[in-house]
């Protein structure tokens, strides 16, 4: 089975593939990871994988996902790709950004 087959199978099962780009273990980076883990555990338990990418160690990896600010969360699967910048402290915005909740319309 190829990596593409595995990713396709995970997408069909509703599994999230998430990349969190950070710059070292700063308070903002640690908070972003903590917030992301909490949101995933509450709203998508057991069906996600988080890869933390430290751009201080591997700056060349920023180019592939066109990372311009940190921390940045990239949802690779399910498609379409989604990006959220910041410490992910606004749960409602993160849920909308991950396409789990519809954006509220103001009257």
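For the range 53-67, state whether one or more residues are loosely packed, with under 12 Cβ neighbours inside 10 Å and in contact with a strand residue (DSSP E or B) (Cβ under 7 Å, 6 or more places away or on another chain).
No: the range 53-67 contains no residue that is loosely packed, with under 12 Cβ neighbours inside 10 Å and in contact with a strand residue (DSSP E or B) (Cβ under 7 Å, 6 or more places away or on another chain).
Return the residue satisfying two criteria in turn: it lies in the range 68-81 and is assigned to a loop (DSSP other than H, G, I, E, B) and in contact (Cβ under 8 Å) with a residue 24 or more places away in the chain, and of such residues it is surrounded by the fewest Cβ atoms within 10 Å (Cβ to Cβ).
Of the residues in the range 68-81, the ones assigned to a loop (DSSP other than H, G, I, E, B) are 68-71, 78-81.
This time we only want the ones that are in contact (Cβ under 8 Å) with a residue 24 or more places away in the chain, so: 70-71, 78-79.
Numbers: 70: 20, 71: 26, 78: 17, 79: 9.
The selected residue is 79.
What are the residue pairs meeting all of these: first residue in the range 35-59, first residue touching a residue at least 40 places away in the same chain (Cβ under 8 Å), second residue assigned to a helix (DSSP H, G or I) and surrounded by 12 or more Cβ atoms within 10 Å (Cβ to Cβ), Cβ atoms under 8 Å, and 6 or more apart or on different chains?
35/91; 35/94; 36/94; 39/91; 39/94; 39/95; 43/95
Considering only the range 3-23, how many residues are surrounded by fewer than 12 Cβ atoms within 10 Å (Cβ to Cβ) and either at pLDDT 50 or above or under 16 Å from the mean Cα position of the chain (by Cα) (or both)?
Residues meeting the conditions: 2.
Looking at residue 102 and the list (1) more than 12 Å from the chain's Cα centre (by Cα); (2) under 16 Å from residue 20 (Cα atoms); (3) modelled with pLDDT under 90, which single condition is not satisfied?
(2)
The values are calculated or read from the model by the stated rules, or taken from the named source; none is laboratory data. Just so you know, these numbers come straight off a predicted model, no measurement behind them. Reconstructed Cβ throughout: ideal geometry from the backbone, glycine too, with neighbour counts over all protein chains shown.
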